[in-house]
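One structure is given here, and the rest of the page talks about it.
The values are calculated or read from the model by the stated rules, or taken from the named source; none is laboratory data. Since the structure is predicted, the reported quantities are computational estimates derived from the model, not experimental observations. So basically every Cβ, Gly included, is an ideal-geometry build from the backbone, and we count neighbours across all protein chains shown.
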Amino acid sequence: MSAASPSLRLFLRSTGAVFLKDLRSELRTRYAVSALIMFVVTTISIILFSLGSEGASTDALSGMLWVVVFFAAMSGLSRTFVMEEERGTTLTLQLLAPPGAVFFGKLLFNFVLVTGVNAVTVVLYAAFINGFVIRTMSIFVVTVGLGSIGFAAAATVIAAIIARANTRGTLYPVLSFPIILPLLLSVIDATRMASEGAFFGEAAGEFQLLISYIVVVIVSSAMLFEYIWKD
Amino acid sequence: MVLKILLGVLLTAVIVSGLGLPMSPHPQAWYQLPVIPGLEEKARIIFFHVPTAWLSVVAFLTSMVYAIQYLRKRDLAYDIRSSAAAGLGFMFCILATITGAVWAKFNWGSYWNWDPRETSIFVLLLIYGAYFSLRSAVETEEKRATLSSAYSIIAAVTVPFFIFIMPRIMTGLHPGAKGDPEGAGPVVEFKMAPNMRVIFFTSLFAFTLLFYWMFRLRVRTAEVETHNQLRG
Amino acid sequence: MNPTLRIAGKDLRKEFDRRTVFRDVSFSASAGETLLVTGRNGSGKSTLVKIICGVLSPGSGTLTVTQNADEPPRESRNLFGLVSPYLQLFEEFSAVENLSIAMGIRGMPFDPAAADALLERVAMFPRRHDQVRTYSSGMKQRVKYAFAMIHTPPVLVLDEPMSNLDGDGTAVVRAVMAEQRRRGILVVATNDMSDIETYDGRIDLNERR
């Protein structure tokens, strides 16, 4: 790091500080995490009751997992920006930090949040939903990892947009869904492959797609964020 | 003036020839369209469905280009254009979805199948819907312009994943998808007979002209409205 | 003193919803000077304040900020400290934590002793480890001053400096203002002329619509 320019180091320090502030705030109040975990538990229970003794096809089960993940993401990932608007601290952050640091700090926070919740979701889902088996664990792990990054990336920039629009919750899934859909189709397909026991190499195409999606979304969000964030 | 007349002539020609010219299995005369096995009369819809789908994408890209210009220059005139293009795109997208569903019913048996191209037009419809919901939720003009511009750019960036990548990877019903024995299909590989091609490309051109004309009209209307609001 | 520290605005103009909030605003202030911004409620004082702090862009016109060449260079956002009714603190954290967060996000080193001393100056030392949400509005206002000053900004901008403060609080603020005049630039936006004793430049937004 000593070779990094001073302004880069400063930027990284600001980013880290934004991330830590959100993290400490969440650890202290635990609003998001507890609500999200309860949401996931409730949703999986509903699915369990709906399925009853009938199973569902591999395709359906792969898809439903990501439906749960999507709605959990919609419940929790807008909070990082909406909370600042509700508490009136947007101006404070605008004064303290360069826009890029706010974006990457909150992106990192959302990534940690969504990965944690997804880990719980996946474990609960695999444990309780009969018929959901993973035969190629390597594909599944990479899929959940890349999927989490992708969700965090798309959800964070849309959260920034709706927070500044003063509309809060209702528009969030409406705006997010078309953006997230390519990601969803990829991860559902890859999960199906993991369920059916495909070789790791067969999923390479989907992983390439996921990685390019992530790169494209993060780069364009980072460029757009300054316009969204500043008045 | 010239534009309007040209447009009227072209569209009439397209509609008449597209719907009216007879189809026969072994076309002899220039005005006889060939029969495409499996499609027959329903093939006529290609003159209308493909252009509307094409326009809904063109409009979206136009909207995005103006969105980028707005963010760079902060001139609300760009936002008027961005929103006008999006409005037209929304309309054409609805038309494309409907004509597509009609064709799907006659061709493949059901109105909707979640084939990749169908999914992409549906997603475009959702994007347009989301774009306008966002616009109606913001009160300040500048903020509305900024946020909707940002959204249309983000959406535009994910759209290629649908239109180009998905159909290659997933099998689909549309010509050009993986698993289509005909290859890229009549449109992409120019397997259309010459006279059909003439009508088709004229239709494409005419519809594009229509879009351009309607776009100019909408922009002028919006500018007059804004002007009146400021005075009144 | 900062001999070359200077802020200057030229022909600043801002519009919202196609309505002009103010236009043709020009000013200049150097180290040791006080700039006063007056105007009715809604005349755009807080908007101009945001533009000066660099958080809002003017519709047209330019704002130039020159740093003192003798001092180590700073990011431009770290040149300003702002106290405003619109600026909220992070309420789930304590006063000390807020100061630490501010320095962390600004990318500047945090000195706990300096923070304590500053909180002492604004008479918030005893409650400094309690969460800000538990403070009265007067206490929050005083912590806002500490928040604005923890990074020793060359330019201190005060929007409605005395809001929510009692006699003791206003005395603290006057001391702060005097100190800032010695070391840098002071900008005060207010309707109440008793808030401020002397000023060098004045922008009256009532005349600038």
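Data overview
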| item | result |
| --- | --- |
| Residue within the range C:148-157 that is part of a helix (DSSP H, G or I), closer than 15 Å to C:Gly81 by Cα and in contact with a Lys or Arg (Cβ under 9 Å, 6 or more places away or on another chain) present | yes |
| Lone qualifier among A:Asn110, A:Asn118 - being farther than 26 Å from C:Ala102 by Cα and among the polar types (S, T, N, Q) | A:Asn118 |
| Elements of type helices (runs of 4 or more DSSP H) contained in the range A:90-164, each with 2 or more residues being in contact with a helix residue (DSSP H, G or I) (Cβ under 6 Å, 6 or more places away or on another chain) and of a type in the set (S, T, N, Q) | A:99-128, A:137-164 |
| Filtered residue count, the range A:22-46, keeping only those that are within 25 Å of A:Ala126 (Cβ to Cβ) and surrounded by 12 or more Cβ atoms within 10 Å (Cβ to Cβ) | 11 |
| The lone exception for B:Glu142 - which of (1) within 17 Å of B:Ile80 (Cβ to Cβ); (2) more than 9 Å from chain A (Cβ to nearest Cβ); (3) among the acidic types (Asp, Glu) it fails | (2) |
| Criterion violated by A:Ser34 - all others in (1) in contact with a helix residue (DSSP H, G or I) (Cβ under 9 Å, 6 or more places away or on another chain); (2) part of a helix (DSSP H, G or I); (3) modelled with pLDDT under 90 satisfied | (1) |
| Only one of A:Leu210, A:Leu124, A:Leu185, A:Leu146 that is over 30 Å from A:Thr89 (Cβ atoms), modelled with pLDDT under 90 and either touching a Lys or Arg at 6+ places or on another chain (Cβ under 7 Å) or of a type outside the set (Ser, Thr, Tyr) (or both) | A:Leu185 |
| The range A:19-53 - residue that is among the aromatic types (Phe, Trp, Tyr) and farther than 20 Å from A:Trp66 by Cβ and, of those, farthest from the chain's Cα centre (by Cα) | A:Tyr31 |
| Test: residue in the range A:124-134 that is in contact (Cβ under 8 Å) with a residue 24 or more places away in the chain and either within 14 Å of chain C (Cβ to nearest Cβ) or in contact with a His (Cβ under 6 Å, 6 or more places away or on another chain) (or both) | no |
| Given (1) farther than 13 Å from A:Ala153 by Cβ; (2) part of a helix (DSSP H, G or I); (3) within 10 Å of another protein chain (Cβ to nearest Cβ), number of the condition A:Glu202 does not satisfy | (3) |
| Subset of the range C:77-108 (residues that are free of Cβ contacts under 8 Å to residues at least 40 places away in the same chain and at the interface with chain A (Cβ under 10 Å from one of its Cβ atoms)) | C:Arg77, C:Gln88, C:Phe93, C:Glu97, C:Ser100, C:Ile101, C:Gly104, C:Ile105, C:Gly107 |
